[in-house]
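One structure is given here, and the rest of the page talks about it.
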Amino acid sequence: MQVRTAGALCVALFLCGQRAVAQAAVDSTVTEGDYGLVRTNIKVACDHACSSLSDGFTARVSYLCFRTKTFTLTATGRYASVTADFGADEMPAGRDAAGMGLNGVHVAGQVGISLMARTRLWGRPLVAFANVGAEFGQGGYGRTSAMAMAMVMLCHTARTQFGLGPMVLVNTNSKVPAFLVFMYRHRFSERWAINLYGGMFGIDYTPTRDDLIAIGGDIDVKSFFLCPQTEGLPGRCVYRKTAFRPMVKYRRRLRTHLYVEAMAGVSLSMSSRVTGLTGTTEYMDISQKPAPFAQIGVSYAL
């Protein structure tokens, strides 16, 4: 059981895929909550932050359509909503959040397919992951985005695993289309472990086989489409906030396939901006202060 939080669609898929890489390559058993490694995974979560992006809701379902010893094909669907209430002091001079449609409740959806492949390279485990997804929001269809990554496990022992590989993003809000990703996991004892997965880290304590307490952090992304109808802006835009979130998390397995988790911490804004649909053109930055947050979720994995 590990810390994993997902935000915007491309980042969420990246984190899920990266986590799946780590566990598929090194674990003899797999936590039933793991994305893409069980037949059906359903997760619902609600969060609240003391900031301009206050109340969020996400629901995700994944279904493993096809699996062999080497390949898995998973269909995914995701729905998300967030409440925005930006103040005048947060907006650039001359911009009105309400007038351009930034404030209010925003909903977004995504459907896609993911392919995972497991093999060996130079005698070491190699896992490749690719995803294609169509995104929807205000104004209907927004864009189709994709990502692909591969990871080679350079160190693979019972206690320590280290993997490294490239990741490529297509038609997303990331300004960097390709970069290296990594994972590091070390188990000090049966109850203590440390995990580093790209933008995530955590120290895990497992007091019982059904409980997990983690102290760490992740990178969370919230985004939505809007139709600003404002001079100087295109007809369709994307708002995207990327935040680093130090946190404490608790996860409990209630029954064989049913989990509940709660987390709390502080959201530290890394970027908050309005861009074009693919993020290649930036139109404005929106100020965001550090804000405490809390989140609770329920998941079912079979």
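How large is the dipole of the stretch 78-198 about the Cα centre if only Lys and Arg carry +1 and Asp and Glu carry -1, each at its Cβ, rounded to the nearest 20 debye?
900
For the stretch 87-173, the Cα-based Rg and Dmax, in that order, read 20.4, 60 Å. Taking all protein chains into account, the per residue accessible area for the chain stands at 45 Å² (1.4 Å probe).
If packing is taken as the average count of other Cβ atoms within 10 Å, what order do 68-76, 142-150 fall into, highest mean first?
Working: 68-76: 14.8, 142-150: 19.4.
Ranking, from highest mean packing down: 142-150, 68-76.
Counting protein heavy atoms only, the chain has 64 percent of its accessible area on carbon and sulfur, 1.4 angstrom probe. Expressed in nm to one decimal, what extension gain is obtained for the pair CYS50 and TRP192 from 0.36 nm per residue of sequence separation less their Cα-Cα distance? Between CYS50 and TRP192, full extension yields 47.9 nm more.
List nothing, just return the count: lysine pairs in the chain, 8 or more apart or interchain, with Cα separation under 28 Å. So the count of such lysine pairs works out to 13.
Taking the charge dipole of the chain about its Cα centre, with +1 at Lys and Arg Cβ atoms and -1 at Asp and Glu Cβ atoms, the residue from GLY276, ILE219, GLN229 reaching farthest to the positive side is ILE219.
So, by mean Cβ neighbours within 10 angstrom, what's the order for 230-236, 213-219 with the highest one leading?
On the way: 230-236: 13.1, 213-219: 20.0.
Most protected by this proxy first, the peptides run 213-219, 230-236.
Against the main long axis of the alpha-carbon atoms of the chain, helix 9-26 sits at an angle near 10°. Magnitude of the charge dipole for the chain, about its Cα centre and with charges confined to Cβ atoms of Lys, Arg (+1) and Asp, Glu (-1), is about 1160 debye. Taking Cβ atoms as reference points and 11 Å as the exclusive limit, the residues near ALA84 contribute a net charge of -1, counting Lys and Arg as +1 and Asp and Glu as -1. Charge dipole of the stretch 148-302 (Cα centre as origin; +1 on each Lys and Arg Cβ, -1 on each Asp and Glu Cβ, all else neutral): 320 debye, rounded to the nearest 20.
The values are calculated or read from the model by the stated rules, or taken from the named source; none is laboratory data. Everything numeric here is computed off the predicted structure, so don't read it as measured data. Quick reminder, even Gly has a Cβ in these numbers, built from the backbone with ideal geometry, and neighbours come from all protein chains shown. SASA here: full protein model, heavy atoms, side chains in, ligands and nucleic acids out. Shrake-Rupley method; radii C 1.70, N 1.55, O 1.52, S 1.80 Å.
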